[in-house]
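This report refers to the structure that appears directly beneath it.
The values are calculated or read from the model by the stated rules, or taken from the named source; none is laboratory data. The shown structure was predicted, so the numbers you read here are calculated from the model rather than taken from an experiment. For neighbour counting, all protein chains shown are included, and Cβ atoms are generated from backbone atoms with ideal geometry for every residue, glycine included. The accessibility values were calculated without ligands, DNA or RNA, using every heavy atom of the protein model including side chains. Shrake-Rupley method; radii C 1.70, N 1.55, O 1.52, S 1.80 Å.
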Amino acid sequence: MNTMNPKHAAELLFEGPLAEEYGMLAVICPSAAEISRRVGEYVDGWMPPYPEASLNLLEIGSGTGITTACLLASRKVALVESVDNAPAMLAQARHNLAAALAAKRLRLIERDALSHLQATPDASVDAVVSAYTLHNFLYGYRQSVLKEILRVLKPGGLFVNGDRYALDDAAEHLKSTQAEVRHYFRVFTELKRHDLLEQWIVHLFSDESEEHIMRLQPALEMMADTGFANTRLHFRDGANALVSAVKPA
Ligand SMILES: C[S@@+](CC[C@H](N)C(=O)[O-])C[C@H]1O[C@@H](n2cnc3c(N)ncnc32)[C@H](O)[C@@H]1O
């Protein structure tokens, strides 16, 4: 039984130093770059079950554009429409992805994910892609986002998410999170950045809270319950995992 608080609000979690120095993620979580690369690779290798010369993607959570760049590296990708509700993150994405914006292969949209999905027509997108965004959502908001993703996908369309999926074994997850916290302390103490240490620890408390935590098995079940088919785990490295599913054709 789900005992989680089903809150449905969008939150603004990426502002101030955490957002302005988001590049620090590469130091505190090197696995994230690997997941972004795998997300791009998965989309590049994916064949829709219908004739399609090129793909139109919707990305949830542009951030600074790390995963977006991996998507744009695929020649199959005609257009990435990418939505994020944090102005400080989008400002960096605009700078980092200026060439794709100029070439009109990318649209960056400042809006919360659910509102944008709700404004997107039925069956209009080949693939919805995300990285390290859904785990930030409140449980009920995540459920609503998944329903909307299913609606906007073309039949046979792909949903791929590379994200922080908590380990299903709570004791193992605690050990892994404690190791992460120790790593944050080592990195930020060496850099003499106690301000950023505070920001990332506070953020981790949000990720780990009962209303947000995204454990792998319940997350796969939520996708199947929403109506996705072929829900699969492709890769896992600690809490970092790559998951995909399709809209039944
Ligand atoms: C951890 S970052 C990941 C960014 C990027 N996908 C990457 O791979 O580096 C999560 C991003 O999701 C965005 N985000 C969080 N909640 C959101 C919401 N409700 N609507 C839109 N964007 C959201 C944040 O602003 C942030 O830029």
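The convex hull around the C-alpha trace of segment 129-249, projected and averaged over every direction, spans 7.6 square nanometres.
In this structure H183 has an accessible area near 50 Å², from a 1.4 Å probe over the protein heavy atoms.
How much net charge surrounds A219 when only the other residues with a Cβ under 11 Å from the Cβ of A219 are counted, with Lys and Arg +1 and Asp and Glu -1? Once all neighbours under 11 Å are counted, the net charge is -1.
Three semi-axes describe the equivalent ellipsoid of segment 1-142; taken as square roots of 5 times the Cα gyration tensor eigenvalues and ordered largest first, they are 23, 20, 15 Å. 3J(HN,Hα) along segment 175-185: 4, 5, 5, 5, 5, 4, 4, 4, 5, 4, 4 Hz, from the Karplus curve 6.51 cos²θ - 1.76 cosθ + 1.60 with θ = phi - 60°, whole Hz, x for Gly and Pro. Here each label is just a point 7 Å from Cα along the line to Cβ, and for A91 and D225 those points are 4.0 nm apart.
Rounded to the nearest 10 square angstrom, V27 shows an accessible area of 70 square angstrom against a 1.4 Å probe. Whole-Hz Karplus values for segment 240-249 come out as 9, 9, 10, 10, 9, 7, 10, 7, x, 6 Hz, taken residue by residue from phi with 6.51 cos²θ - 1.76 cosθ + 1.60 and θ = phi - 60°; glycine and proline positions read x.
Net charge near L196: determine it from the other residues with C-beta under 14 Å of the C-beta of L196, scoring Lys and Arg +1 and Asp and Glu -1. The partial results should precede the final answer.
Working: positive: R186, K192, R193; negative: E15, E20, E21, E190, D195, E198.
That sum, taken over residues with Cβ under 14 Å, equals -3.
Its relative contact order, with pairs defined as Cα atoms under 8 Å and 6+ residues apart, puts segment 16-246 at 21 percent. Once backbone amide H atoms are built at 1.01 Å from N, H234 has L242, V243, S244 as its partners under 5 Å, excluding neighbours fewer than 5 places away on the same chain.
For the chain, the number of Lys pairs separated by eight or more positions or lying on different chains, with C-alpha atoms closer than 25 Å, is 7. The portion of the accessible surface of segment 1-109 made up by carbon and sulfur, rounded to a whole percent, is 58 (1.4 Å probe; DNA, RNA and ligands excluded). Volume per residue for the chain equals 114 cubic angstrom (convex hull of Cα atoms).
In Å², what does the accessible area per residue of the chain work out to with a 1.4 Å probe?
Details: 11420 Å² over 249 residues.
Accessible surface, normalised per residue, equals 46 Å².
Under 5 Å from the amide H of R215 lie the amide H atoms of A166, each residue being 5 or more positions distant or on a separate chain, with H modelled from the backbone and absent for Pro and chain starts. Between Q178 and K192, the modelled labels are 3.2 nm apart [label points 7 Å from Cα along Cα→Cβ]. Rounded to the nearest Hz, the phi-derived 3J(HN,Hα) couplings of segment 112-120 under the Karplus curve 6.51 cos²θ - 1.76 cosθ + 1.60 (θ = phi - 60°) are 7, 4, 5, 4, 5, 4, 4, 8, 9, where x marks glycine and proline.
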